[in-house]
Structures are given as C-alpha cells and as structure tokens.
Number of protein chains: 2
Amino acid sequence: MAEPLNIALAGLGTVGAGVVRLIETNAELIARRARRPIRIAAVSARDRSKDRGVDLSPYRWLDDPAEVATQPDIDVVVEMVGGSDGPALALARKAISGGKSFVTANKAMIAHHGLELAAAAEAAGVALKFEAAVAGGIPVIKGLSEGAAANAIERVYGILNGTCNYILSTMEDTGRDFADVLGDAQRLGYAEADPTFDVEGIDAAHKLAILAGIAFGTRLRFDAVETTGITGVMAADIAQARALGYVIRLIGTAEIDRGGASPGLFQRVRPHLIHCDHPLASVDGATNAVVAEGNFMGRLLFQGAGAGAGPTASAVVADLIDIARGEKGAAFSMPSHELESLEPAQSGHRVGRSYLRFIVPDRPGVLAEITAAMRDAGVSIESFIQKGRGGDAGEVIVALVTHEGPESGVTEALKILDGSDSVARPPLVMQIIGG
Amino acid sequence: MAEPLNIALAGLGTVGAGVVRLIETNAELIARRARRPIRIAAVSARDRSKDRGVDLSPYRWLDDPAEVATQPDIDVVVEMVGGSDGPALALARKAISGGKSFVTANKAMIAHHGLELAAAAEAAGVALKFEAAVAGGIPVIKGLSEGAAANAIERVYGILNGTCNYILSTMEDTGRDFADVLGDAQRLGYAEADPTFDVEGIDAAHKLAILAGIAFGTRLRFDAVETTGITGVMAADIAQARALGYVIRLIGTAEIDRGGASPGLFQRVRPHLIHCDHPLASVDGATNAVVAEGNFMGRLLFQGAGAGAGPTASAVVADLIDIARGEKGAAFSMPSHELESLEPAQSGHRVGRSYLRFIVPDRPGVLAEITAAMRDAGVSIESFIQKGRGGDAGEVIVALVTHEGPESGVTEALKILDGSDSVARPPLVMQIIGG
C-alpha cells in the first residue's frame, strides 16, 4: 500500500473528537477507498487534560494549534478551531503558505476569507477543502462543484441551519412560541447559549454565500446576503401558514438576477412559506436540504444531517480521502481568478407571492389603510385574514397573501405604511415557495 | 488554457443528442470548471441521415461506432449505443484496451460486465465512468463513492425507475389500473413499446446492483437481485395502501445482512408501501431518489430527474469534466480487486412489517385458512381487510398487514398456502417502509 496521508487536527471539540473516532473506526475501509491509509500524526487543542471521549494518547500532542502548520511530516492540516478570524485564520494562512493542504468545517472563515485562502492554496499548489462547512454530512459542495459541474446553475436554495429548522418544526408540532421553544432547544443542546448566529440567520448566510460562489462560479459576497432570522416568527404565523397549506422554514436563496442591465447576484436568508407538496416542507428537525436548478439536470435535491459530530466528521474525512487520492480540486470549483465578480442584486426583479403579517391596533380604519397601501403599490391581494389578539393588549394580527407579482410592489407598499400608526410593529414578510 | 479533452460519441439517440447540445451550450462554463475545453472530435451512429435536432456537421462522422475506439486523437469514448452485450461491450473492450477512457450511460452493460471493464481500465490506466447509468441526472455514484466515502454503508435503497414511478403515481392520482396507465405512458413516451425491462423491475435491478457494489465495496451480483416488478399492483392495492396512510413505490433495496455466519449481500427490487411521512413518499412522476445510510453521516437522500436527455447528458458530461481535471477515480470507488466477494443473502434475517394481498374465491373458510397459515408460521396480523370484488367474478380481495416480525415467517406462511385452492392467484407481498 502507498504511503499514508499524514494529517494533524487543530481543535478537538465535538467535531474534532468525531473525526478521530471516524478515522479509527473506519480505518480499513478508508484505506481501501483512499488507496492509502489516513494517519493522524498530531493533534492539538488548548486543554490537554479535558476528557473528549476518545483516547488521544497514541497521537503526538501539540499545545499550540499554530504548531501543526510547521510540523514537517504533516501533509494536511484539519482546522476545527472555529471563528472567522483570529487563530483559525492565522493557522490557515500559515499552513497553506507552508505547503500543507487545508481542510476545515469553518463556514464563517470561508464565507469571509475563502477567496484569499483559495488563491493562496492555488499559489502553493495545495488543496483547500471545506465540505463540512455547508450542510454537515451532505456532500453538497462536491455535488454542485463536480456532480452538477456540466450545468449553468441559476438558482440554489435550501434549509441550511439545523437549529432554526428544529425550532420552527417544533413550534409547528407544539403550537408554542419562539422564545419558549428556543429555551428548550438550548437545554437540549440543539441551540447554543448565545443563539444569535443561528436564529438571526447569520450561520445560514455564511453557508449560502459559499454555495452561491460554487454554484454560479462567482466571487463570494457574504456582505451582500440580505439576512432575516426567525426571531420574528410567531406561533400565529405558523398556524396561519398551516391553515393555508404551508409550513414555515428558514430558507437561504441565491439566484442570478437577469432582470437588470447586467447580471446580478441575489442572496437572501429569510423565513419562507413552503407549500406542503414541496420536498422542503417535509424537512423536519435538524435536517438540512439543498436544491439546485441546472439548465440540463433540472432540479436536484440533497438532504441529510446538517450538523453533529458524525455527519460533520463524515464530510471532513471525505475531503481527506479526495486529497489522499490526489484529487485536490479547486476550492470553488474553478480557479479563484476565474470566478466572476457580480454586483449584488436587489429583489426588485423577483416575481412571486408573498405573505405579509402585521400587528396592528384594534381600531377601525387600519385594514383600509393597509389595503390602500397595497393598491397604491400595485399589489394584488389573494387572501386577507384578521386573527384575534396575538400581540399585546389592544393589538390584533392581520395577515395577507399576495397574488403573484413583483417583490418591488411589496417593498413599495411597506414603504407607504412605514411610520404609520396603523402598524404597531415592523411587519413580517415571507416569500412563498410552491403551491 | 490547457489542451482540449478530445471525445468521441458513439450512439446518437436522445441522450447522445443531449450531450452534443449540452457541450455546445455550456462550452465556456465547462472549460472554466474542467480547466480545459471539452471538444467533440468525432461522432458515430448507424444512420447519418437521421434528423437528431442538432447540427452534427462540425464533427467528424464515423459510420461504424467501433471506429471511435481506434482514432488516435480521441482521449475519451462516450458510449450511448445501449445493450448489455453486442456492439456496446465490444466497443468498451476495444476502447479501454486501446488506452482510451470510457464513459457510458449503459446500466445493463455495467451491471453485467462492470467488473471486467473496471479491471481492464485499471490495467490500461484509463478511467471508466458511468454516473449516468444510475438515476439519470442525480450524481449519486459520485455522492456514494466520494461524498460518502468515509462511511461504512450498510443500506442503500431508492426509487430507481422513472417509468414505474410515473405509472404508480399516476395510478394513485387517477385510481386507474396498471394496464390502462401503461398504455397512456407508452403513448406519452414515458414507457417503451416493449416495457418489460422497466415494469418487470430489471432496469431498477441493474441500477441497484451497481449502487450496492459502490456503497458496500462488494463485487457486483446482478444475478442475485431478487426482482419483482409492478405488473401485479392493482388499483385496489393503491387504494388500500392510501387508506392505511401509505403510497406504493417500486423500491430497490440493498443491505449487508449480518444475521448469518458471515455477512451476505441482500438485494431486492419490489413494490413497497411507503409511509406518507417518509421522504420517498413524495417522490412523484419520473423522479428518482436514493437513500444511503452510513455509520457516521446518518441518512442521506439524493433526489432528481432520473431520465431524459438533459439530466442524463448532465451526468455524462460531469464524468467528462472529472476526466478533464485528471480525476480518473476507480470505477467502483476502489480498485476492483479490493471489492469483497459476498454471497447473496436470503431475506430470512430481515425484520419488518409486510402487506400481503390475496385474490381468493368468495366462499366461507378462505379467511380461516389464510389466518391459520399465518398463525402456524408465527406471523402476527396487525390488520385485516376484506374488500369487495376486485378480480374476476366470484373472487374477492383480501389484504393484511403484519406486525413487525421476521420476513421468514411471511415466506413460511405463503409456503403453507401454496397450492391451496383458497388462493386463486399468486399473492402480492410488499414490505413496509416507515410509519
């Protein structure tokens, strides 16, 4: 058998321990598939004494994760330190410039610095791989950059954050409100103590920016992802959606916008109404799913475990097997200088149906003002529901679904209503998929 | 830019024309992703004069597909001639031994001769690729052999034949019977004039044998796939399934059977009852879907267009892009001599619930005989339904669902009933997934 691929693990949290366990458990199988053994040569984390549930004594221990970048016998550095900048980024730069391939699950770092690192990896002739950064155990980066490589992809969208999906589907199953379910999710370990990155949609936005770059062959623009999380979704919205035949999911959508003078990059993370017949509607709990639409393959769906030690380790080691096989690939499916630079697109050219929910004072004239704003903005209303109290005392919930029309009309209507005392709080706007 | 990858197309039916159209339409994008152009150097088919909807005049025409194997400037032969043996196999052997990489959509040939061709390709140092052979535009071969490569996969199953799925989902939507819907499907082009390969499950069995080899790292055993098609599924079965909360789908299942002294390879194509909550239940029409369960990644689902010129061409060209990138891979995810040789497993160790449907004479004592057989075989009955006439005059339909138990019990019960005049025709047995 050929020489082993020597790897070093930097960061030994849940995922790091999962990678150790996977490489030990499936060692023989991995060697057959990779055509050489994958050998853990060194491990590194801040606290050596911590019990991680795996025996690390067979491996060389380095106290400073930065050291893994300079060990001469290491072929690949696997970074599981986390954080978009700081030690993780310093390690990435040092490992790559030192001629080591680099594998990471760090979506924040790739969303922010992926282009720089890809260019550095190309210059150094090493691999930069991050299958585990998007949708956990689902090989969606490989699926798009290789499996769908023959296609012009114009749209990619999906459920990219397991925490939000768990919260939304639990709200759906139990009728409980967001804050209540979030508390449970934190106690059960499905949400972090500081859940901001997840529930505000930032984690999904990181993943979406990476997917868009790969799917479209465009330079990453995380800064241009329009992001709304799920904190504004009320139990009443979920009940309302269900009555109309929909479920609510946090969806990341990226599209090439061809409505303007030149193509633009549209990227948005926002809760959506998904029709019950759409495959994404049955994606429950912490599952992730990604849909890509290509000009020859049609609609392709990938679905699986979006997080957790096992699935994430599966993706990390798939990257290592590729490298062991000598298949370095290009980080974003083509050399970084070939990626197109597209300007961010506004939503103005998008056409579809929308759900709008207002919390309004319980007094005459409010509905008239809202419907007048819709009319003045050219938005045609398909259905209109006034529900009982849902907000504070003296407030009622009003929801409406528009007919298919330009999103710019909805934006315009909301602008007309902005500042009106008929609208007590900022409205919730969700686009509708399917149905 | 690097030298083009020169390819020759043998066979210019729907898929062949689709490949030409894709390579022309997406040429610039393909060159960016493949890091070199993919150039059609020669085309070949039996009838030069036929209108295929694409202009073939720019390409060197060869009257004899066998000639593409010997053109010195050709790097890759793309075979779309079809048939498990005959000209396709002769071409494959000649091209590979002549040092050309070989890409095909020919599932029958790979199911029957894939191991021989893989060994030949390894000996010649060329690529053998067949992403398009399984599940059309879905990159499931890449997904399993690379994306899921870190996992021990113990089970792979899915909807592998679009024609059967179209017929079953149309029967479900319309309440019509098999023969009736098949006739329509033939008129609409969803089924061939001779539909045997599709409706008898042979096409799905070809694909299942290939998937099993890749997922488990085992030598292909198409001969050992236990195959039952959909011709025996009646409208009454579909109505009955729906009443119980299930849909009927033709499912190919492959598993490693660890119930015996040594592991065995279980492979079966058969109609199944799928619970409405299971992701495969919403796979309608000609769509395909594949589920794989790995020991770290958990359950992974791929879904997309299972046939058609565009999706199939997408898979063919994905293989070409891999080859252009220098990523030849191993045909079955590891060198063919590393594939394990497992004996076929009987269903005896499987445990689950089953649906059994009998057409019986409308007279006293029949139900007693069936229930006695179940009792004597140790099969516990969960529900029992006697429906009105469904077969010929004087016959009624009796269906039952078993509690979870060994499949061997069901086999035993049917053996007891075999030859009894209480059972007018061979019963239909379907396993139950989900619910």
Share of Cα-Cα pairs in segment A:141-305 beyond 23 Å, whole percent, is 38 percent
Could you tell me how many degrees, from 0 to 90 and to the nearest 10, lie between the Cα long axis of helix A:407-417 and the main elongation axis, the longest principal axis, of the Cα atoms of chain A? 60 degrees
Under the convention of a label 7 Å out along Cα→Cβ, give the distances in nm from A:P72 to the same position in every other copy, shortest first. 4.8
Using a 7 Å offset from Cα along the direction of the beta-carbon, what are the separations from A:R60 to the same position in each other copy, nm, ascending? 5.3
Scaled to the compact-protein estimate 2.2 N^0.38 Å, what is the alpha-carbon radius of gyration of segment B:282-435, rounded to two decimal places? 1.51
With axes computed from alpha carbons, what is the tilt in degrees of helix A:202-216 against the longest principal axis of chain A, rounded to the nearest 10 within 0 to 90? 70 degrees
For chain B, what is the calculated [θ] at 222 nm in deg cm²/dmol (nearest 500), taking -39500 (n - 2.57) for each run of four or more DSSP H residues and dividing by its residue count? -10000 deg cm²/dmol
Going from the alpha-carbon gyration tensor of segment A:324-382, what semi-axes, largest first and in whole Å, does one get by taking the root of 5 times each eigenvalue? 49, 15, 10
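Taking 25 Å as R0, compute the FRET efficiency from the Cβ-Cβ separation of A:A372 and A:V351 and round it to 0.05.
Values: r = 23 Å, r/R0 = 0.92.
Efficiency at R0 = 25 Å is approximately 0.65.
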Quick numbers on segment A:350-433, Rg and Dmax over C-alpha atoms in Å, give 12.0, 37
Quick check on chain A: of the DSSP beta bridges with both residues there, what percent are antiparallel, nearest 5%? 65 percent
Please list, short to long, the whole-number percent of alpha-carbon pairs of the protein assembly as shown in consecutive 20 angstrom bins beginning at zero. 14, 44, 34, 8, 0
Take the alpha carbon atoms of segment A:348-407, find their center, do the same for segment B:230-248, and report the distance between the two centers in whole angstrom. 43 Å
I want to verify a result. In a Gaussian network model of chain A, Cα cutoff 10 Å, which of these has the top mean-square fluctuation: A:V68, A:V316, A:V366? A:V366
Looking at chain A as a GNM with Cα springs under 10 Å, which of A:H112, A:H275, A:H403 has the largest mean-square fluctuation? A:H403
Probe 1.4 Å, protein heavy atoms only - accessible area per residue of the protein assembly as shown in square angstrom: 36 Å²
With chain B treated as a Gaussian network of Cα nodes joined by springs under 10 Å, which of B:A215, B:A372, B:A105 yields the largest mean-square fluctuation? B:A372
Kirkwood hydrodynamic radius of segment B:1-76, from inverse mean 1/r over distinct Cα pairs, in Å: 12.8 Å
Chain A to chain B by rotation: the residue of A with the beta carbon nearest the axis and the rounded distance in Å are A:E327, 2
Tail weight of P(r) past 16 Å, computed on alpha-carbon pairs of segment B:130-191, percent: 58 percent
Alpha-carbon gyration tensor eigenvalues x 5, square-rooted, for segment B:34-132, Å: 22, 16, 12
One finds the C-alpha centres of segment B:190-213 and segment A:34-101 to be spaced, in Å, by 47 Å
How large is the Kirkwood hydrodynamic radius of chain B, in angstrom, based on all distinct alpha carbon pairs? 23.0 Å
With angles folded into 0 to 90 degrees, how steeply does helix A:366-376 sit against the dominant principal axis of chain A? Use alpha carbons for both and round to 10. 70 degrees
When each copy gets a label point 7 Å from Cα toward the beta-carbon at A:E226, what are the spacings between them in nm, shortest first? 5.5
Heavy-atom SASA rank of B:C276, A:C164 (probe 1.4 Å, accessible area, largest first): B:C276, A:C164
From the protein chains alone at 1.4 Å, what is the descending order of accessible area for B:F302, A:F384, A:F178, largest first? A:F384, A:F178, B:F302
So for segment A:107-223, what percent of the C-alpha to C-alpha distances run longer than 26 Å? 30 percent
Computed log₁₀ I(q)/I(0) - Debye formula, equal Cα scatterers, no solvent, segment A:215-272, q 0.14, 0.28 Å⁻¹: -0.53, -1.12
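The values are calculated or read from the model by the stated rules, or taken from the named source; none is laboratory data. Just so it is clear, the model here is predicted, and its values are computed rather than measured. A quick note on method: Cβ atoms are made from the backbone with ideal geometry, for glycine too, and the neighbour counts reach across all protein chains shown. Heads up: the accessible areas ignore ligands, DNA and RNA and are worked out on the full protein's heavy atoms, side chains in. Shrake-Rupley method; radii C 1.70, N 1.55, O 1.52, S 1.80 Å.
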